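Reviewing the structure listed below.
The values are calculated or read from the model by the stated rules, or taken from the named source; none is laboratory data. Values in this document were obtained by computation on a predicted structure and should not be read as measured data. Backbone-built Cβ (ideal geometry, glycine too); neighbour counts: all protein chains shown.
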Amino acid sequence: MDGMDSYRPELLLLSDAYMGSPENFAKKLQFLARFAQPEQWSYTSAGTEQNQILKNYLFYTYDRVKQEGKVSVSEDGALMCFNTGLQTVNGNDIYALFEKNTSPYARPGQDWYLNGFKQRTDKEMQLFSELPDIADYFTNPADFIFDKKMEIYIDYDHIIDDNFDRFVEIGLSDKFIIHALLESAIRKIVEKTKRNYKLAIPQFYTDKGTGVSKIQLLLPLFLRGKEEADLALVVDKSNHNYIGKTILTIDWAYVNSRRIVKPNADWLKI
């Protein structure tokens, strides 16, 4: 479904590298969470995996840097690294470092093993003739800004029928009422976004069928009141119009937008 698969990373990293046992990988993620500048990397709801947002971010980032050819191998072929896009509290880039995989638990194709997370000054990083740049999601800068001159068209049937469980999760189960609330919420948020473009948050989406990547915008939907956004509407720019065909939970909207940059919109909190 357009817009929905954007929160499911391709997991190319797990195809290319063995991350260690779940416990060992969790410890390395915890180190990275402390090593990087402070940020919320875990959901607040009970029963969720610690640093799940960071884990998804790491997978997403590798997908993109591999697509861009920004993965570096040391001159002796023993090490591989990529730029995580994160920085230490002192502003140094953080790299994911891998060594040749010798683990008997690895799957075929997993040629690398996650060594850990390093900065440029660490001795292992001196073995690279050149260190890779961060992932680049910026193709057309205009795509990141909501264009108030463009019309927006909504496929209500598609949104409601294909995402009905998401409405049920927030306490709405009558499709007639959902449709009425959606129309009102979308009309109001479009008018607000025309006056404050920062309400629209970009996410990076890759169509799994065509392999084409593009920027979509996320708009908050206040269905049950104006204090807290309930869902996020995904809008696509198409033929000088915006098309809305799907929605995301706020948690997944955060994960998708964090792929590009740390969101600072008040409505996108988890």
Just to check your reading of the model, which residue among Tyr153, Tyr105, Tyr95, Tyr137 is touching a residue at least 60 places away in the same chain (Cβ under 8 Å), part of a strand (DSSP E or B) and aromatic (Phe, Trp, Tyr)?
Tyr153
So for the stretch 16-29 (the condition being under 20 Å from Asn92 (Cα atoms), of a type in the set (Gly, Ala, Ser) and not assigned by TED's automatic domain parsing to the domain that holds Gln203), does at least one residue qualify?
no
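Restricting the search to the stretch 10-37, which residues are part of a helix (DSSP H, G or I), closer than 13 Å to Asp63 by Cα and either touching a strand residue (DSSP E or B) at 6+ places or on another chain (Cβ under 6 Å) or not small (Gly, Ala, Ser) (or both)?
The initial filter retains those residues of the stretch 10-37 that are part of a helix (DSSP H, G or I), namely 12-16, 22-35.
Checking the rest, the ones that are also closer than 13 Å to Asp63 by Cα come to 12-16.
Result: Leu12, Leu13, Leu14, Asp16.
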In this structure, is Phe144 at pLDDT below 95 and buried (at least 17 other Cβ atoms within 10 Å of the Cβ)?
yes
Somewhere in the stretch 214-223, is a residue assigned to a strand (DSSP E or B), among the basic types (Lys, Arg), within 17 Å of Glu151 (Cβ to Cβ) and touching a residue at least 60 places away in the same chain (Cβ under 8 Å)?
no
Provide a single number: the residues in the stretch 88-128 that are among the small types (Gly, Ala, Ser) and modelled with pLDDT under 95.
3
Check on Ser184, outside any helix (DSSP H, G or I), surrounded by fewer than 20 Cβ atoms within 10 Å (Cβ to Cβ), among the polar types (S, T, N, Q) and at pLDDT 95 or above
no
Members of the stretch 161-181 found to be buried (at least 18 other Cβ atoms within 10 Å of the Cβ) and assigned to a helix (DSSP H, G or I), listed by number
Arg166, Phe167, Ile178, Leu181
Which numbered condition trips up Glu124, out of (1) of a type in the set (Asp, Glu); (2) surrounded by fewer than 14 Cβ atoms within 10 Å (Cβ to Cβ); (3) more than 27 Å from Ile215 (Cα to Cα)?
(2)
Just one listed residue, out of Ala106, Ala135, is over 16 Å from Val65 (Cβ atoms) and of a type in the set (A, V, I, L, M), and it is Ala106
Quick one: which of Ile154, Ile201 is assigned by TED's automatic domain parsing to the domain that holds Thr249, surrounded by 20 or more Cβ atoms within 10 Å (Cβ to Cβ) and aliphatic (A, V, I, L, M)?
Ile201
Considering only the stretch 84-110, state which residues are surrounded by 11 or more Cβ atoms within 10 Å (Cβ to Cβ) and under 14 Å from Arg120 (Cα atoms).
Thr84, Gly85, Leu86, Gln87, Thr88, Asn92, Asp93, Ile94, Tyr95, Ala96, Leu97
Name the pairs: first residue in the stretch 50-71 and in contact (Cβ under 8 Å) with a residue 60 or more places away in the chain, second residue aromatic (Phe, Trp, Tyr), Cβ to Cβ under 6 Å, at least 6 apart or on different chains?
Ile53/Trp41; Val65/Phe82; Val71/Phe82
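Yes/no per residue for (1) touching a Phe, Trp or Tyr at 6+ places or on another chain (Cβ under 8 Å); (2) more than 16 Å from Tyr60 (Cα to Cα); (3) at pLDDT 90 or above; (4) in a loop (DSSP other than H, G, I, E, B):
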site	(1), (2), (3), (4)
Ala229	yes, yes, yes, yes
Leu233	no, yes, yes, no
Asp236	yes, yes, yes, no
Ile243	yes, yes, yes, no
Leu248	yes, yes, yes, no
Tyr254	no, no, yes, no
Ser257	no, no, yes, no
Val261	no, no, no, yes
Ala265	no, yes, no, yes
Residues of the stretch 187-213 being free of Cβ contacts under 8 Å to residues at least 40 places away in the same chain, over 20 Å from Pro141 (Cα atoms) and not in a helix (DSSP H, G or I), in sequence order, are Gly209, Thr210, Gly211
